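Data first, discussion second: the structure below is written as structure tokens.
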Amino acid sequence: MKKIAILGSTGSIGTQTLEVVRENKDIEVLALSAGSNITLLEKQIREFRPRLAAVWDEEKAKELRLMTADLDVKVATGMDGLVRTAVMEGTEILVTAIVGMIGIRPTIEAIRAGKDIALANKETLVTAGHIIMPLARERDVSILPVDSEHSAIFQSLQGNERKAVRKILLTASGGPFRGKKQEDLLNIRVEDALRHPNWSMGQKITIDSSTMVNKGLEVIEAKWLFDVEVDQIQVVVQPQSIIHSMVEYEDGAVMAQLGTPDMKLPIQYALYYPQRRYLPGERLDFWRLGRLDFEEPDMDTFYALSLAYEAGRAGGTLPTVFNAANELAVRKFLNREIKYLEITEIIEDCMRAHTNIMNPTLEEILETETKVYERIESRR
Ligand code: NAD
Ligand code: MG
């Protein structure tokens, strides 16, 4: 039995991870954690019987303790709960399916405790990749990508020499507003931005996909995972989301991973790597598919992507500014406090106002996040 823990078990990646666990029957879940959805968390506890469950919200944790009083499960809360999930005794892999840079501390603690990381929580690598990657190497811990593009790159690297990699071709669907111009995006409502053409995901990443911030975060994520320069990463729009990403080698060969859009494949690949297992689901039918299309991304309309390249090139605390500004701006957009185009405007404003700190400590990263939040709150 493989033993795992999950940060963010009630979300899109978390629930799909549990589906993979359910179908395979040889993984034991020792710890689960969620933000506030204790109704679903209780169901998950009753089905998977973890020893520990963590809930961010204190009041909800109290409620969950009562709801699970008949079971042998400890309920923890806050950052302490996340860290205890991350370092849970006996686990081999931590699945980081939590959203946002709140995942940094528990991820670092898990690596210190020698756990492999099945990483979905890209915000953590974007902001603290320079701490996480060397630490993982030092502790001989594997960082296994769950993000579909990064899993595709990882799969396309198997059996090839890393030093022969010339370019990473990171594919993008283009999101719901592909082909639109700034003036078409003035009055975008939350419902419009939440309508992704190919993937069903959590709200934050769905908004990020529409602004291309998600692709920007993925460029920086790929830089850390595969040890390449951001300018070796080329974004290719592939509207059908069939090619999940590609690697170009020195001799001109391009290796790609294709499949129907289903996150269970990269999740399962990360959990069982290097093994491949049967996965039920739709298969690609090339006769029916007929064609695949490719485009260059429109970095003038979706200039968040070029801001991400700028942040990724500069390094230091600038990727934290990019990410933190986006996290708060997206929350405000979802709460209908700001307009759609303000998301990217806010990111740019925060980046322009920032004095970069190179090689920041965890404290400096978190201070940068606080300062960015203060700046956004003091607007107008
Ligand atoms: P989601 O919003 O559906 O789920 C987030 C999970 O994190 C939930 O379980 C929630 O309870 C938990 N959470 C949020 N705040 C918390 C807090 N303060 N304390 C404890 N738990 C908290 O998000 P998602 O779409 O599953 O995305 C998760 C991560 O995976 C993100 O970083 C995202 O970018 C990445 N990712 C998601 C997909 C996808 O298909 N959904 C694909 C690639 C990458
Ligand atoms: Mg992705």
Q. Carbon and sulfur: what percent of the chain's accessible surface (1.4 Å probe)?
A. 48
(Q) Looking at the chain as a GNM with Cα springs under 10 Å, which of Glu109, Glu342, Glu363 has the largest mean-square fluctuation? (A) Glu363
Q) Put +1 on the Cβ of every Lys and Arg and -1 on every Asp and Glu Cβ in the chain; which of Phe48, Thr344, Val372 then has its Cα farthest towards the positive end of the dipole? A) Phe48
Q) So how much accessible area does Thr91 have, in Å² to the nearest 10, using a 1.4 Å probe? A) 10
Q: With a probe of 1.4 Å, find how much accessible area the chain has per residue, and write the answer as a whole number in Å².
A: 45
(Q) Which of Arg195, Arg51, Arg336 ends up with the largest GNM mean-square fluctuation for the chain, with Cα atoms connected below 10 Å? (A) Arg336
Q: Under 14 Å from the Cβ of Asp192, count the other residues' Cβ atoms, weight Lys and Arg +1, Asp and Glu -1, and hand me the total.
A: +4
Q | Cα centre as origin, Lys/Arg/Asp/Glu Cβ charges: the range 110-267 dipole, Debye | A | 240
Q: Working from the alpha-carbon coordinates of the chain, get Rg over Rh, Rh being the Kirkwood radius.
A: 0.95
Q. How do Asp70, Asp192, Asp140 rank by accessible surface area computed with a 1.4 Å probe, from largest to smallest?
A. Asp140, Asp70, Asp192
Q. Can you give the accessible area of Lys3 in Å² (nearest 10), computed on protein heavy atoms with a 1.4 Å probe?
A. 60
Q: Determine the calculated [θ] at 222 nm for the chain from helices alone, applying -39500 (n - 2.57) to every DSSP H run no shorter than 4 residues and normalising by the residue count; nearest 500 deg cm²/dmol.
A: -14000 deg cm²/dmol
(Q) So if the hydrodynamic radius of the range 118-271 is defined as the Kirkwood radius over C-alpha pairs, what does Stokes-Einstein give as its diffusion coefficient at 10 °C and 1.306 mPa s, in µm² per second? (A) 98
Q. Pick from Gln240, Gln44, Gln158: which residue has the top mean-square fluctuation in a GNM of the chain where Cα pairs under 10 Å get a spring?
A. Gln158
Q: Would you mind getting the Kirkwood hydrodynamic radius of the range 121-172 from its Cα pairs, rounded to one decimal in Å?
A: 12.5
Q) Reachable lysines from Lys215, Cα under 28 Å, same-chain residues fewer than 8 places away excluded? A) Lys115, Lys122, Lys163, Lys167, Lys180, Lys181, Lys204, Lys223, Lys264, Lys332, Lys339, Lys371
Q: Please figure out what share of the DSSP beta bridges in the chain is antiparallel and state it in percent, rounded to the nearest 5.
A: 25
Q | Farthest positive-ward along the chain dipole, Cα basis, beta-carbon charges - from Ser241, Leu7, Ile207 | A | Leu7
**Q.** Computed magnitude of the charge dipole of the range 1-127 (debye, nearest 20; Cβ of K, R +1, Cβ of D, E -1)
**A.** 120
Q.
Rounded to the nearest 5, what % of DSSP beta bridges with both residues in the range 167-259 are antiparallel?
A. 60
**Q.** Charge dipole magnitude, Cβ of K and R +1, D and E -1 - the range 104-167, Cα centre, debye nearest 20
**A.** 200
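The values are calculated or read from the model by the stated rules, or taken from the named source; none is laboratory data. Just so we're clear, the structure is a prediction, and the values are computed from it rather than from any experiment. Cβ atoms come from the backbone with ideal geometry, glycine included; neighbour counts cover every protein chain shown. Protein only, heavy atoms only, side chains kept; ligands, DNA and RNA dropped before computing areas. Shrake-Rupley method; radii C 1.70, N 1.55, O 1.52, S 1.80 Å.
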